[in-house]
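Read through the structure below, which is laid out as structure tokens, and then see the notes.
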Amino acid sequence: MTGKVALVTGATQGLGLALVEGLASRLSSEDTVYLTGRDLDRVTQAVETVPSGGASVRGAILDVAEPEGAARLAAQVADRHGGVDVVFGNAVMRVGPDDDPRAIVRDYAEVNNFGTTRLLRAFAPLLRDDGRFLVVASSLGALNHLAPALHDRFAELSTLDEVDEQVAAWRDAVADGSARGGDWPGFVNIPSKIGQVAAVRALAGRRREDDLARGILLAAVCPGMMNTPTSAMWWDVRDAPSPAQAADALLDLVFGPVRPEHYGQLVRDGQVLPWTPGE
């Protein structure tokens, strides 16, 4: 019987690395935390920075943009440990103010959105009793950030395939320029984050009863504004929390009791953010 197993994607820096450090410090020496990223050198270097003590930190290569990457790693984790207890989906392609949305949107959606649904498909079936699967999203993932004419695209999706179809339609509209003349926002982060939350909600709708009976939490989480170089390209973040400080509220969802109202929702600082306007 293995100890607890946790896995964090996009974990070589920033919030992902802070989550690995927090998990490792709160878990025991019998437990394992997988620090994953797409570059071997960066993964190796990040593992070496994690303070000793607590859980064992193990580096693993995972490029969520690779179609079979998540499934392949999930099979390895299942063979080695039999299941997983904590998953943080944190992999993200960052975008700056000077990036042309048409040029970057395909890669952006591949990492942030299809990477999320691949991770959900691969690792949600491996969750053990009392497990946690948390997708790092944003408060921008609420429908009120979209024009009302677009709400029906994401409001009641019931499968991950349906979510992928809507994300692909948005991606293609941005790439071919047609989104500029429609209702889509110019900031690609908004539809992308909404797609992530919609994916969590779609899967949660199918798993809710069984998961809550088993003490499992599946949710999207918002860490809030952080003082990072990427955020600093857009906003003044000098007074914002560090990634390590922002990680604390997310880790509390891992180590605290499951609150049923959090299940399948977008959660920030322990509170549910409304999905639809007026909710």
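Brief remarks follow.
- Simple label model, 7 Å out from Cα along Cβ direction - GLU156 to ALA175, nm: 3.0
- Zero-based 5 Å bins, Cα pair distances in the chain, whole percents: 1, 6, 13, 17, 20, 18, 13, 7, 3, 1, 0, 0
- Overall form of region 1-74: oblate. Here a/c, set by the Cα gyration tensor axes a ≥ b ≥ c, is 1.5 or more, and a/b is not larger than b/c.
- Taken along the Cα-to-beta-carbon direction at a fixed 7 Å, the label points for PHE255 and ALA149 span 4.9 nm.
- Length released on extending from ARG80 to SER25, taking residue separation times 0.36 nm less the Cα-Cα span: 17.6 nm
- Report note on the peptides 189-202, 65-78, 27-40, 112-125: ranked by the mean count of other C-beta atoms within 10 Å, highest first, their order is 189-202, 112-125, 27-40, 65-78.
- For the chain, the Cβ-based charge dipole about the Cα centre amounts to some 280 debye (Lys, Arg positive; Asp, Glu negative; other atoms uncharged).
- Hypothetical label at ASP129: residues of region 196-219 whose amide nitrogen lies under 19 Å (7 Å Cα-Cβ projection): 208-218
Rule-based calculations on the coordinates, nothing more; no lab input. Just so it is clear, the structure is predicted and the values come from calculations on it, not from any experiment. With ideal geometry, Cβ positions are generated from the backbone for all residues, glycine too; neighbour counts draw on all protein chains shown.
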